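What follows is calculated from the coordinates using simple rules that are stated; it is not laboratory data. Remember, predicted model here, so these are calculated numbers, not experimental data. Cβ: placed from backbone, ideal geometry, glycine included. Neighbour counts: every protein chain shown.
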């Protein structure tokens, strides 16, 4: 159901238990679906993107039982010749799926939701040629996995390489994949960590990734840690008007965005680590210039923190933000300007000037972007008047409990029927 949310000015304080990492869950569910036997992946996360992955894997033949705290997955025993699939908004689901279909020689027609239809799959179109065709809101797949000695050029997403690694693990094939330019390489490390749990080792040497022949996916059990991208937004809000603590992010986390607490510390934010909690306290931070090339999802949290800096802050390498759920460069800049913030844009940079308060009394569009909707809500500590977030239901994509959690932390908000 579409809904808007009215956000009242106010501080947000308390403790947040993070939902499980969406990135890790996607990867673990795919590996479990192609491991013979029964795997257990938890905890559950009833968000739109994970529902996309569960729906696709069930259609391919995986048996998935949802318990009160996990997914119990029986791996696919017979591959289907043809399937018709639909994916609403999850780019991760689509990019992991395409090479997996090639590995199992399953021909497929995939219908895509509106925002996903605008996301590129150029790397796969180049790799598979006529075997992968995108027509508007549909993708037609009738491809075979190429021999496992690949040289890949510029990839639009690290998810392309992650999908190929999972696909080669399914067919137990030797693979050597050389990647000339890889954005967000930490997400491939995340994929390798899940494959390792499932019995397949990925060896990385610089830009070369290798799998050994004969290693096969095995059933496994995994308890997925909290989502680092969501943690960054909560911690940024803590800087604006906390204190606010997050729980569930491991010290040994391989998630790319788990770097955010260290980034906060580097710009002199008041942040502590104690008894499994990471806590951000309110206070000014040092102005900064930081690249978001390897961590594009951190742009939202950094934009929030920039509002409470002692001088202008620059986010560099923002160009990759233009091909996400929305043109995130334009969306962040337009939203902040509507709140009275001075924002300047360059070809690859965005400069944000700090504000002691935000003017409010405006309606802001979420642009069907879950992270933008959350960022706007967490401006609350600096607002001097209420704001309306139109299309706030975008948070259902990754964090359905987000506004419930906001209320639990003291934020006053009203949900109303959307357009």
Fewest-first ordering of 171, 208, 341 by Cβ atoms within 10 Å yields 208, 171, 341
Going from the fewest other Cβ atoms within 10 Å to the most, one would list 279, 252, 82 as 252, 82, 279
Note on the chain: the mean projected area of its alpha-carbon convex hull, in nm², is 18.6 nm²
Per the 1/(1 + (r/R0)^6) rule, R0 = 35 Å and r from the Cβ atoms of residue 347 and residue 250, FRET efficiency to 0.05 is 0.40
The extension gain from residue 126 to residue 384, computed as 0.36 nm times the residue separation minus the Cα-Cα distance, is 87.8 nm
Taking Cα atoms, the helix 91-104 axis meets the longest principal axis of the chain at an angle in degrees (rounded to 10) of 0 degrees
With label points set 7 Å from each Cα along the Cα-to-Cβ direction at residue 59 and residue 322, the distance between them in nm comes to 3.2 nm
Mean shadow area (nm²) of the C-alpha convex hull around the range 22-223 is 9.7 nm²
Computed over the chain: longest principal axis from alpha-carbon atoms vs helix 48-60 long axis, angle to nearest 10 degrees, is 10 degrees
Quick calc: nm separation of the 7 Å Cα→Cβ label points for residue 281 and residue 401 -> 2.8 nm
Length gained, residue 293-residue 174, 0.36 nm per residue minus C-alpha separation, equals 39.8 nm
Its Cα gyration tensor gives the range 96-173 an equivalent ellipsoid whose semi-axes in whole Å, largest first, are 20, 14, 11
Output row, site residue 204, 7 Å Cα→C-beta label point, backbone N cut-off 13 Å, window the range 70-102, residues none
If one compares the long axis through the Cα atoms of helix 22-33 with the longest principal axis of the Cα atoms of the chain, the angle in degrees, nearest 10, works out at 20 degrees
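What ranking of 284, 371 emerges when the number of other C-beta atoms within 10 Å of each C-beta is taken as an exposure proxy, fewest first?
Final ranking by Cβ density, sparse to dense: 284, 371.
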Residue separation between residue 154 and residue 266 times 0.36 nm, minus their alpha-carbon distance, gives in nm 37.2 nm
Between residue 69 and residue 414, the FRET efficiency computed from the C-beta separation at R0 = 41 Å comes out, to the nearest 0.05, as 0.85
Given a Förster distance of 25 Å, the FRET efficiency implied by the Cβ-Cβ spacing of residue 212 and residue 77, rounded to the nearest 0.05, works out to 0.55
Diffusion coefficient in µm²/s returned for the range 75-134 by Stokes-Einstein, Kirkwood Rh over C-alpha pairs, 10 °C and 1.306 mPa s, is 130 µm²/s
